[in-house]
Amino acid sequence: MKLKRSTHDVMIAGVCAGIAHALGWPAGRTRLAYVLLSILSAAFPGILVYLLLWFVMPKTEEW
C-alpha cells in the first residue's frame, strides 16, 4: 500500500492519519506516538520529517 495523506482526518496536513491508515492503527494514537517520539528522542527530528512527508506524500481523495 502506498502512503497517502488524509484529506478527511486532518489536524495539520493529514500525514499522521495517512500513516495510521496504512498501518491499520487509530489516527489519534499515531499522532500521540509521533509527538512523543519527536519530544523524547534527540536523534529524531520530528518537525523536519513531518514537513518532508507533507510535501512528499500525495493526497488521497478516497476515504
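The values are calculated or read from the model by the stated rules, or taken from the named source; none is laboratory data. Fair warning: this is a prediction, and the values are worked out from it, not measured in the lab. All Cβ positions, even for glycine, are placed from backbone atoms using ideal geometry, and neighbour counts span all protein chains on display.
List of remarks:
- When residues of the stretch 7-37 are limited to those that are hydroxyl-bearing (Ser, Thr, Tyr) and at pLDDT 90 or above, the one farthest from residue 61 (Cα to Cα): 34
- Count of the stretch 36-63 residues which are of a type in the set (A, V, I, L, M) and not in a helix (DSSP H, G or I): 3
- Some residue of the stretch 21-35 being of a type in the set (A, V, I, L, M), part of a loop (DSSP other than H, G, I, E, B) and without any contact (Cβ under 8 Å) to a residue 60 or more places away in the chain: no
- Residues within the stretch 20-54 that are closer than 12 Å to residue 5 by Cβ and over 12 Å from the mean Cα position of the chain (by Cα), tallied: 0
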